[in-house]
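The values are calculated or read from the model by the stated rules, or taken from the named source; none is laboratory data. What you see is a predicted model; the values in this text were computed from it and never measured. With ideal geometry, Cβ positions are generated from the backbone for all residues, glycine too; neighbour counts draw on all protein chains shown.
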Amino acid sequence: MPDVRLVNVTKRFGKIVAVDNVSLHISDKEYFSILGPSGCGKTTLLRLIAGLIQPDEGEIYIGDRLVNDVPPEDRDIGFVFQTFALFPHMNAWENVTYGPRVKGFDVRKAERIGHEVLEMVKLHERLDAFPNELSGGMMQRIAVARALAAGAKLLLLDEPLGHLDAKVRNELRYEIRRMTKDLELTAIHVTHDQSEAMAISDRIAVMKKGKILQVGTPQELYMNPQSIFVAHFIGGSNFLEGFIAETKDKMAVVELRGEVKVQAVNKGVNKGERVVLAVRPETFTIKKGRGKGENSIFGVIERVAFEGTNIRYEVRLENQDLVVVVTPSLICEWFNIGENVTVSFQPENAHLFVYPEVGLREETAVE
């Protein structure tokens with residue numbers, strides 16, 4: 001099965017640079033996701049790999065083959081769209097076996113493939129059903145089956161779960177990953193849903209405004225974001241603004257608004273430099289009353305939301321910053337609106353960034 005390489009690929013639509021000098025290597029048999037907000041260029045990147053549009057600059061390889069001028073039908077790919085894209089006048093069986101028949105497979109081989117993939121997607125009993133007789137989840141499974149039946153070595157999925165309700169979406173994402181892994185395919189999955197990408201991907205590329213900001217495993221992106229945007233977009237972070245009051249050993253003392261001082265691991269910042277401290281909601285601890293200790297900040301509960309396994313608190317700190325704190329609902333003490341609390345975090349659980357030139361609001365914008 002193929003790996004995929006993009007070398008300095010750029011695509012423009014008039015004055016808009018949809019894909020901006022992107023280089024990327026997707027390994028053989030990898031389940032790879034391209035994640036980013038709407039309009040960031042991720043679908044354009046997928047369409048370039050598919051051959052549906054041509055790059056203005058750069059090279060695209062599938063395996064060792066340069067495919068810039070190779071038409072889509074000769075790239076050995078299967079494409080699954082967000083909108084199902086089934087032939088409405090064909091039943092499930094006819095949709096699934098369309099690829100093998102068009103490719104000239106003999107009848108027995110086409111039928112064998114059709115039965116195998118329908119069994120794989122658990123819809124063999126609905127082979128006579130037309131698309132309008134199937135649920136959204138069933139239609140998307142038929143779309144995946146059709147791509148697999150055509151003998152695709154590379155599976156491209158463009159927001160394949162976007163039109164499904166939450167429960168079906170959660171179930172089907174694991175089914176698609178299982179099928180591609182069982183068949184040892186290379187899969188490239190485009191999505192704007194962070195939880196979807198984190199749950200099923202071997203690796204993820206995070207995009208913004210046509211550029212890839214970071215590539216890594218879900219754990220790497222979550223635990224070690226390399227930019228403010230990645231820290232914001234993957235999992236969500238609290239951002240505390242301040243400046244470096246002091247550096248000592250491997251630590252930096254950050255003075256926040258209101259002369260509140262906390263510590264974080266120093267990643268190359270200098271005394272006096274303006275910075276942003278990113279702290280995940282679940283890395284805070286929260287205790288009743290005014291507490292003391294390293295990185296402890298007094299505050300008041302402004303809002304409480306019960307989310308099943310977690311409780312989400314919005315806490316107004318004494319310097320007027322607002323932070324979100326998430327705690328497990330079964331093992332932690334509950335707090336009420338208006339209650340005085342102290343929130344704290346370990347220095348190694350905070351990520352320190354130089355304050356962005358464009359400002360924090362623009363840096364974290366998703367549109």
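Tally the residues that are small (G, A, S) and in a loop (DSSP other than H, G, I, E, B), restricting the search to the stretch 75-89. Of the residues in the stretch 75-89, 1 are small (G, A, S) and in a loop (DSSP other than H, G, I, E, B). Taking the stretch 304-367 and the strands (runs of 3 or more DSSP E) fully enclosed by it, the elements with 2 or more residues that are more than 13 Å from A278 (Cα to Cα) and in contact with a Phe, Trp or Tyr (Cβ under 6 Å, 6 or more places away or on another chain) are at 340-344.
Against the list (1) surrounded by 15 or more Cβ atoms within 10 Å (Cβ to Cβ); (2) in contact with a Gly (Cβ under 9 Å, 6 or more places away or on another chain), the condition G36 fails is (2). In summary, L52 fulfils each of the numbered conditions (1) assigned to a loop (DSSP other than H, G, I, E, B); (2) in contact (Cβ under 8 Å) with a residue 40 or more places away in the chain; (3) under 21 Å from P71 (Cα atoms) with the single exception of condition (2). Of the candidates E357, E333, E348, the single residue that is assigned by TED's automatic domain parsing to the domain that holds V315, closer than 23 Å to F239 by Cβ, surrounded by fewer than 13 Cβ atoms within 10 Å (Cβ to Cβ) and in contact with a strand residue (DSSP E or B) (Cβ under 9 Å, 6 or more places away or on another chain) is E348.
When the stretch 64-74 is filtered for residues that are closer than 17 Å to P100 by Cβ and either outside the structural domain of A152 (by TED's automatic domain parsing) or part of a loop (DSSP other than H, G, I, E, B) (or both), nothing remains.
Yes/no matrix, rows are residues, columns are (1) at pLDDT 95 or above; (2) surrounded by 17 or more Cβ atoms within 10 Å (Cβ to Cβ); (3) in contact with a Cys (Cβ under 7 Å, 6 or more places away or on another chain); (4) under 30 Å from H25 (Cα atoms):
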| site | (1), (2), (3), (4) |
| --- | --- |
| E196 | no, yes, no, yes |
| A199 | no, no, no, yes |
| M207 | yes, yes, yes, yes |
| Q214 | yes, yes, no, yes |
| G236 | no, no, no, yes |
| N266 | no, yes, no, no |
| N270 | no, no, no, no |
| E282 | no, no, no, no |
